[in-house]
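Participant: Pasting a structure here, questions to come.
The values are calculated or read from the model by the stated rules, or taken from the named source; none is laboratory data. All values derive from a computational prediction rather than experimental measurement. Cβ sites come from the backbone with ideal geometry, for glycine too, and all protein chains shown count toward neighbours.
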Amino acid sequence: MSLTVNTEVAQNVLMAHLDGDLDRAADEPLAELETQFDGTSGVVLDFSDTGFIASSGLALLVRLVRSASAAGAAVAAIGLDDHYRHVFEITRLDSVMVVTEDKEAAVAAVSGGNQ
Amino acid sequence: VEISVPNGGLLVIASDGVAEAHGADGSMYGFQRVADVVQGAKDPAGAVVDDVDDFAVGAQEDDITIVVLRRRISAKDSASSFGSTLLEFQLPSVDGIERDAMDRVMDAATGAGMELSRAKKLGTAVAEAVMNAAEHGNGFDPERPVDVVVSDDGSVVEVNVTDNGPGAGENIDTPDIDAKIAGDQGPRGWGRFLIEKLVDELEDQVVDGRHTLTMRMRKEDS
């Protein structure tokens with residue numbers, strides 16, 4: 001299922017709800033999301049409705065973290081299930097973004113920006 | 001009528017206008033000559049039509065229709081024999097097949113009693129293996145399929161993913177997140193790494209130019 005990204009901004013933090021699969025076809029929706037990073041202090045990616053994350057999707061997340069870093073924004077992830085938390089651990093993606101279950105904790109973690 | 005065709009074998013169906021075509025000496029073309037001509041021919045049907053044309057004299061006597069089916073060498077036969085086959089399927093080498101492969105293998109593995117968390121790991125590994133086979137093995141040529149065979153020996157599920165291409169396979173550095181974030185490494189190249197980390201056992205083999213990746217996963221944590 002192709003990826004739909006819904007966003008909202010609260011307290012200078014961009015909330016992005018990722019609905020669908022994170023594979024090669026997610027390139028454009030995520031590139032569009034990256035254009036919204038300027039002027040935000042942080043980005044929270046909500047994976048609770050993400051069905052499948054392929055290695056091509058991990059590559060897109062690397063690009064996204066680089067874009068956020070260039071814009072001075074920190075990145076957090078919420079809503080990952082146990083399987084993809086494990087995938088984030090073995091790839092060490094969890095070292096370049098804050099992985100948490102708690103939305104408030106995620107917002108708090110990135111509201112100070114990428115310092 | 002039931003006919004068994006061996007792996008790699010041909011089934012040739014020809015109208016009687018082929019076998020009954022008459023040569024210059026009055027003899028008929030015959031089925032044996034059809035069988036001889038298709039052997040080793042790159043285009044077996046075309047070879048028979050051309051050969052009948054050369055053989056026959058005078059106007060064409062009857063319609064000439066020929067159908068040739070070749071049984072592909074199954075991935076199961078080129079891979080190790082392991083337990084009993086749960087599932088066997090083929091996918092075209094196009095983008096997006098990995099999700100389908102993952103879902104089918106996960107269903108088969110959980111149906112065979114694998115713990116869900118382990119089936120998810122196996123499914124993700126299979127998705128990556130199928131994508132590597134389609135992209136690096138088969139060069140995203142939709143005519144070159146990816147073969148997937150899932151077998152069960154009771155305690156372990158084995159999945160064989162075979163490409164049919166001349167591709168060199170994926171050959172990349174071990175991915176490093178810090179190097180990727182710094183831009184010293186490209187963002188991609190996670191596939192093989194993920195497979196290695198997710199399954200219990202991994203083996204590569206090349207038979208007759210076809211690359212098979214064999215992944216094994218215990219049904220339960222031991």
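Participant: Tell me, please, whether a residue that is polar (S, T, N, Q), surrounded by fewer than 17 Cβ atoms within 10 Å (Cβ to Cβ) and at pLDDT 80 or above can be found in the range B:42-60. Let's see the steps before the verdict.
Facilitator: So the first thing to find is which residues in the range B:42-60 are polar (S, T, N, Q), and the list is B:60.
If we keep only those that are surrounded by fewer than 17 Cβ atoms within 10 Å (Cβ to Cβ) too, we end up with B:60.
Now restrict to residues that are at pLDDT 80 or above: none.
No.
Participant: Please state which one of B:Ile3, B:Ile13 is surrounded by fewer than 17 Cβ atoms within 10 Å (Cβ to Cβ), modelled with pLDDT of 90 or more, out of contact with any helix residue (DSSP H, G or I) (no Cβ under 9 Å at 6 or more places or on another chain) and within 14 Å of B:Val67 (Cβ to Cβ).
Facilitator: Values: B:Ile3 fails: modelled with pLDDT of 90 or more.
It is B:Ile13.
Participant: Take the residues in the range B:16-33 that are in contact (Cβ under 8 Å) with a residue 24 or more places away in the chain and either among the hydrophobic types (A, V, I, L, M, F, W, C) or assigned to a loop (DSSP other than H, G, I, E, B) (or both); name whichever of them is nearest to B:Arg70 (Cα to Cα). If you could, list the steps in order and put the result at the bottom.
Facilitator: Going through the range B:16-33, the residues in contact (Cβ under 8 Å) with a residue 24 or more places away in the chain turn out to be B:16-18, B:20-24, B:29.
Then drop every residue that is not either among the hydrophobic types (A, V, I, L, M, F, W, C) or assigned to a loop (DSSP other than H, G, I, E, B) (or both), which leaves B:18, B:20-21, B:24, B:29.
Details: B:Val18: 20, B:Glu20: 24, B:Ala21: 25, B:Ala24: 32, B:Tyr29: 23 Å.
The qualifying residue nearest to B:Arg70 (Cα to Cα) is B:Val18.
Participant: Does the range A:55-68 contain any residue that is touching a helix residue (DSSP H, G or I) at 6+ places or on another chain (Cβ under 6 Å), closer than 17 Å to B:Thr124 by Cβ, in a strand (DSSP E or B) and at pLDDT 95 or above?
Facilitator: Looking through the range A:55-68, none of the residues is touching a helix residue (DSSP H, G or I) at 6+ places or on another chain (Cβ under 6 Å), closer than 17 Å to B:Thr124 by Cβ, in a strand (DSSP E or B) and at pLDDT 95 or above.
Participant: Among the helices (runs of 4 or more DSSP H) confined wholly to the range B:113-215, which include 3 or more residues that are over 24 Å from the mean Cα position of the chain (by Cα) and either away from chain A (no Cβ under 14 Å) or modelled with pLDDT of 95 or more (or both)? Outline the logic, then answer.
Facilitator: Details: elements: B:116-132, B:177-182, B:191-198.
Passing ranges, in order: B:116-132.
Participant: Counting just the residues of the range A:24-45 that are charged (D, E, K, R) and either in contact with an Asp or Glu (Cβ under 9 Å, 6 or more places away or on another chain) or surrounded by fewer than 17 Cβ atoms within 10 Å (Cβ to Cβ) (or both), which one comes out farthest from B:Gly189 (Cα to Cα)?
Facilitator: Step one: filter the range A:24-45 for residues charged (D, E, K, R), giving A:24, A:27-28, A:32, A:34, A:38.
When the remaining residues are screened for being either in contact with an Asp or Glu (Cβ under 9 Å, 6 or more places away or on another chain) or surrounded by fewer than 17 Cβ atoms within 10 Å (Cβ to Cβ) (or both), the result is A:24, A:27-28, A:32, A:38.
Numbers: A:Arg24: 13, A:Asp27: 16, A:Glu28: 19, A:Glu32: 23, A:Asp38: 28 Å.
Among those that are charged (D, E, K, R) and either in contact with an Asp or Glu (Cβ under 9 Å, 6 or more places away or on another chain) or surrounded by fewer than 17 Cβ atoms within 10 Å (Cβ to Cβ) (or both), it is A:Asp38.
Participant: Which of (1) in contact (Cβ under 8 Å) with a residue 12 or more places away in the chain; (2) under 24 Å from B:Asp100 (Cβ atoms) is the odd one out, the single condition A:Asp102 does not satisfy?
Facilitator: (2)
Participant: Let me ask you something else. Of the residues B:Ser74, B:Ser78, B:Ser93, only one is modelled with pLDDT of 85 or more and of a type in the set (Ser, Thr, Tyr); which?
Facilitator: It is B:Ser93.
Participant: Can you name the residue in the range B:79-104 that is more than 21 Å from B:Asn138 (Cα to Cα) and not charged (D, E, K, R) and, of all such residues, is farthest from the other protein chains (Cβ to nearest Cβ)?
Facilitator: Applying the filter and picking the extreme gives B:Ser81.
Participant: B:Val105 versus (1) in a loop (DSSP other than H, G, I, E, B); (2) at pLDDT 95 or above; (3) of a type outside the set (Ser, Thr, Tyr); (4) within 21 Å of A:Arg24 (Cβ to Cβ): which is the lone unmet condition?
Facilitator: (1)
Participant: Does the range B:204-221 hold any residues that are without any contact (Cβ under 8 Å) to a residue 60 or more places away in the chain and either touching a Phe, Trp or Tyr at 6+ places or on another chain (Cβ under 7 Å) or closer than 20 Å to B:Thr124 by Cβ (or both), and which are they? Spell out how you get there, then give the answer.
Facilitator: Here is the first cut: in the range B:204-221, the ones without any contact (Cβ under 8 Å) to a residue 60 or more places away in the chain are B:204, B:206, B:209.
Correct list: B:Asp204 only.
Participant: Does the range A:41-53 include one or more residues that are within 14 Å of chain B (Cβ to nearest Cβ), out of contact with any strand residue (DSSP E or B) (no Cβ under 7 Å at 6 or more places or on another chain), not in a loop (DSSP other than H, G, I, E, B) and not aliphatic (A, V, I, L, M)? Spell out the reasoning first.
Facilitator: Taking the range A:41-53 as the starting set, the residues that turn out to be within 14 Å of chain B (Cβ to nearest Cβ) are A:50-53.
Applying the additional criterion that residues be out of contact with any strand residue (DSSP E or B) (no Cβ under 7 Å at 6 or more places or on another chain) yields none.
Scanning the range A:41-53 turns up no residue that is within 14 Å of chain B (Cβ to nearest Cβ), out of contact with any strand residue (DSSP E or B) (no Cβ under 7 Å at 6 or more places or on another chain), not in a loop (DSSP other than H, G, I, E, B) and not aliphatic (A, V, I, L, M).
Participant: If you go through the range A:74-89 one residue at a time, do you hit one that is part of a helix (DSSP H, G or I), within 8 Å of chain B (Cβ to nearest Cβ), under 23 Å from B:Lys120 (Cβ atoms) and in contact with a Lys or Arg (Cβ under 7 Å, 6 or more places away or on another chain)? Quick ask: steps written out before the conclusion?
Facilitator: Start the filter on the range A:74-89 by keeping residues that are part of a helix (DSSP H, G or I), which leaves A:82-89.
So of that shortlist, the ones also within 8 Å of chain B (Cβ to nearest Cβ) come out as A:82-83, A:86-87.
The next check asks that each one be under 23 Å from B:Lys120 (Cβ atoms); those that pass are A:82-83, A:86-87.
This time we only want the ones that are in contact with a Lys or Arg (Cβ under 7 Å, 6 or more places away or on another chain), so: A:83.
Within the range A:74-89, one or more residues are part of a helix (DSSP H, G or I), within 8 Å of chain B (Cβ to nearest Cβ), under 23 Å from B:Lys120 (Cβ atoms) and in contact with a Lys or Arg (Cβ under 7 Å, 6 or more places away or on another chain).
Participant: Next up: Consider only pairs whose beta carbons are under 6 Å apart and that are at least six residues apart or on different chains; among these, list those whose first residue lies in the range A:58-70 and is without any contact (Cβ under 8 Å) to a residue 24 or more places away in the chain and more than 7 Å from chain B (Cβ to nearest Cβ) and whose second residue is of a type outside the set (Val, Ile, Thr) and assigned to a helix (DSSP H, G or I).
Facilitator: Final answer for the pair search is none.
Participant: Oh, and also: If only one of A:Asp21, A:Asp94 is buried (at least 16 other Cβ atoms within 10 Å of the Cβ), within 14 Å of chain B (Cβ to nearest Cβ) and either part of a strand (DSSP E or B) or modelled with pLDDT under 95 (or both), which one is it? Walk me through how you get there before you give the answer.
Facilitator: On the way: A:Asp94 fails: either part of a strand (DSSP E or B) or modelled with pLDDT under 95 (or both).
After applying the criteria, what remains is A:Asp21.
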